[in-house]
Structures are given as C-alpha cells and as structure tokens.
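Written out below as structure tokens is the structure these notes cover.
The values are calculated or read from the model by the stated rules, or taken from the named source; none is laboratory data. Treat the numbers as computed from the prediction; the structure is a model and nothing was measured. Cβ placement follows ideal geometry from the backbone for every residue including glycine, while neighbour counts extend to all protein chains displayed. Side chains included, ligands, DNA and RNA excluded: accessible areas come from the protein's heavy atoms. Shrake-Rupley method; radii C 1.70, N 1.55, O 1.52, S 1.80 Å.
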Amino acid sequence: MTSRADIDVRPIDETEFADWNRALNTGFLREPHSSEEVVEARRAQFVPGRSLGAFDSGRCVATFRSFAQELTAVGGAAVPADAISNVTVTATHRRRGLLSRMMERDLAAAKERGDVVATLIAAEYPIYGRYGFGPATSTTEWTVDVPRTGLDPRWSDPGDGGRIDLVDGEDVRKLGPDLHDRLRRSQPGAVSRDELWWKLNTGAVRFHSSWTEPYFAVYRSASGEVEGMVSYTADDHWGDGKQPLNTASVNWLLAVSPAAERALWRYLCSVDWIVKVKSGYRAPDDLLPLFLPDPRAAAVTTQADWLWVRILDVVRALEARTYEAAGSLVLEVTDRGGLTGGRYRLEASEGGEGSCTPTDAGADLSLDVGELAALWLGDESAVRLVAAGRVREERAGAARQADALLRTSRRPWCPDLF
C-alpha cells in the first residue's frame, strides 16, 4: 500500500483531464471511460488551479473541483462563494486523508481569494460536517396524484390574462438567464448559473452519451413579460384496459410570481395522459400543495438536506444579510479548520441591517462554525439546536433571541444541483 506521503495531491493540468475524468466516473459508479466527445465537452468546466487530483504512481485516484459562484443571502445580497463539486475518492484509496488534503487546500485558497462562504450539495450526510460545513437549506419533492387534485383536466388556461407556450432549447437559452437572475436575487439560498448551465440543461452541450430532450413551457403575464418557465419529461406507461398511467417529471421550474408558479403547476396537471406529476426538488415550503383544491393529492416523497455552507468569514457573512428584528447577540464560534473562529458581537438595527465585530464580551451562544452556517440563511432554529445539544446557550433566552433575529418568514431554497 502506498503511504499517504507518497500520494501526490495537486492541481491537474489539461493533459491529465481525461485521467481525472476517469477517476471521477469511477467514484460516481459510472462507466469509467467517456467518449472523446464527452471528455471534450466536460473540459469546458476545467479552470486552472481549481481542479485537484490525487495521484498514486501516476494514476488519478481522487478528484475535487471548485468554481466561482454567488450565493444569495437573506435580504438579497450576492455573496462570493467557493462552490465545490466532483468530489470522489477511489474505493482502493479511502481512509488515507485524500479528501482532507484536497479540502484544506481548496478552502485555504478560497479564504485567500476573499470568498465569504464555500458551498456544496452533499451526496452523503456524514462527510462534510468535519470540515465546518452545515446544512443551510433543505429540499422537498412531491408526487401529485392528478385525478385526486380536484382540478378540471379540461382547462389549462391560466385564467389571469397570461398564457403558456411550449418553446425549444434555444428559446430557453435566450429567456432563461434573465428570469433566473430575477428569481435568485430575491431568493435566499439561490446560486448563480453560468452560460454552460443553460447549454447543459438544453442539450447544446452534453456530458453524457445519452440525452433525452425535455419539454419546455414558458408562462407570460398579461403584459407579455416572462415570469415562469418549466422543464419536464414524460414517460410512456399504460395499464390494463389501455388506460394511460404516465408520469411527468419536472427537471426544474422557475417562477418570479405566484401567478406564474400556479399556472405552470396547473398546466402540468392538465396534460393529456398524465396521472402523476413529480415535482423535482423544491423548497420545503413550496406553494404547490396550496394551489390544489385537495392539497393531499401532493404527497411528500423526498425530504432531505440540500445546500451545505461553510462560512469562511464570520464578519462579512453576518453583515451581508438582513435581520427580522433589532437586537444584539454575542457568538462564540469554534472553527477546527482555523479559518474564522472567535467571539463576535452581532448588532441588528430596526431597519434590518447588521454589523459584526470581534469582542471580548461574554458569549450568549457557543456554537461550531457548521451550526452557524445552518442558522445563517434562516432555515434552522437555534432553540432546536440547543435542545439537540449542538449549540450551547450561555445566557438564558439567547436562543429565542437568535431565532427572532435570524429566522425568516419564507424558507431559503437552492434550486440548483452542482
């Protein structure tokens, strides 16, 4: 067995990309070797210095990639983030500290660049807490039993003067980026999308040899403004007696108004032959069930953590967001990674603005940087974390005060998988 010291962890160069891609596929239990066309397509994500590999005797055995991202904080501010993806360690090289070496290297570089947070979508829950990440948003998927909804399947018109049109991928690439930017600037937890995202999700660029073209539908308001868009596929399943039992599966749905959201869900439930609609990953307080005459027709089929956040700068993170009430709170933040621990006083004004400064005053709450991340976007409750033994209340009532300051009326949501 090669010793840990003899395994070289470093940024890859372009000549090593195919080997790195093979290790990535292996780690994700995909067919190891990709076609030349797929490798070249995936090369579009390569950024010098931000794709890391671990090499044993010249063979790549672990992968790690990060890229620049913006994350929307509570109140709408865009925070610079270090987005982490493509993390794998080949089964033959587990438990040798390779992920730790790659993660420490990347987070140190992110801190040096001035990123406020790091982000990722965790494939497995237990991995990332030891690096200071905390689950900051969650996601829910519903399966809608269409005949039970109470909706009239013969009527899909929005009924508000707006209209729904089917479009193709080229239209989505033109109309989608502006719509998404409007959404993400008002949605805490949302992240930026680059041009490549739109190409991948409309088939203009393909990372896999197989591609199923989805349907795309756009909602326009009575004034003609694009306010919503959905991408979905449908299967082909028929039961006994030639009865259609097809399911529409939503890839993504964006809406900047409740009218658009309602119209798109009602449209999906009106498509001929569709008896079930799978919502895809939505916000846990999504309006979907409330749009149905019988909300029980929308059954929860997935409920899980989603976006994980690692705070790299406590002061900038707490000052980037707004607050629901005025107040002062002293936080003792422990960071085993040594990037941003310390004691900080958070002051929130009546107008919702916050200031954060290091302090020697006695702490009101003591918590790990990962627990602070879980609270930062407003989704988690400090009272819950105290009850679970994950946050320590140093002053009676401090957890309730923290909830009054930090929690939000609507829950944060990240629409993206990256």
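Think of it as helices only: each DSSP H run of n ≥ 4 in the chain is worth -39500 (n - 2.57), and spread over all residues that comes to -6500 deg cm²/dmol at 222 nm.
A 1.4 Å probe run over the chain, with the rest of the protein chains in place, finds 46 Å² accessible per residue. Reported value for segment 6-45: 83 Å³ per residue, from the convex hull of its C-alpha atoms. Under 21 Å of direct C-alpha separation, and excluding same-chain neighbours fewer than eight residues apart, residue 199 reaches these lysines: 174. Accessible area of residue 127 (1.4 Å probe, protein heavy atoms only, ligands and nucleic acids ignored): about 40 Å². Please report, as a whole percent, how much of the solvent-accessible surface of the chain comes from carbon and sulfur atoms (probe radius 1.4 Å). Carbon with sulfur: 48 percent of the solvent-accessible area.
Could you tell me the distance between the Cα centroids of segment 366-418 and segment 229-299, to the nearest Å? First find each Cα centre; the distance between them is then 32 Å. The trypsin sites (Lys or Arg not before Pro) found in segment 1-51 that occupy coil by DSSP, while having at most 16 further C-beta atoms within 10 Å, are 30. Quick one: in segment 362-417, what % of C-alpha pairs are over 20 Å apart? Roughly 21 percent, once rounded to a whole number. Counting every alpha-carbon pair across segment 109-251, the share separated by more than 26 Å comes to 46%. Shown here for segment 154-250: chymotrypsin sites (Phe, Trp or Tyr not before Pro) in loop regions (DSSP other than H, G, I, E, B) with at most 15 other Cβ atoms within 10 Å, namely 155, 207, 211.
Taken over the alpha carbons of segment 270-312 as equal point scatterers, the Debye sum produces base-10 log I(q)/I(0) values at 0.13, 0.21 Å⁻¹ of -0.41, -0.82. After finding the eigenvalues of the alpha carbon gyration tensor for segment 188-292, what semi-axes result from the square roots of 5 times each, listed largest first in whole Å? For segment 188-292, the ellipsoid semi-axes come out as 24, 21, 13 Å. Computed about its Cα centre, the charge dipole of segment 319-418 is approximately 260 debye, with only Lys, Arg, Asp and Glu carrying charge at their Cβ. The GluC sites (Glu not before Pro) of segment 104-192 meeting both criteria, a DSSP state outside H, G, I, E and B (loop) and at most 14 other C-beta atoms within 10 angstrom of the site's C-beta, are 124. The computed semi-axes √(5λ) of the Cα gyration tensor in Å for the structure shown corresponds, within (1) 37, 31, 19; (2) 49, 23, 20; (3) 32, 27, 18, to (1). Taking only the C-alpha atoms of segment 1-138, the Rg (one decimal) and the largest Cα-Cα distance, Dmax (whole number), read 15.4, 52 Å.
Build a GNM of the chain with springs between Cα atoms under 10 Å apart, and of 187, 45, 69 the one that fluctuates most is 45.
Restricting attention to segment 296-388, close to 75% of DSSP beta bridges with both partner residues there are antiparallel.
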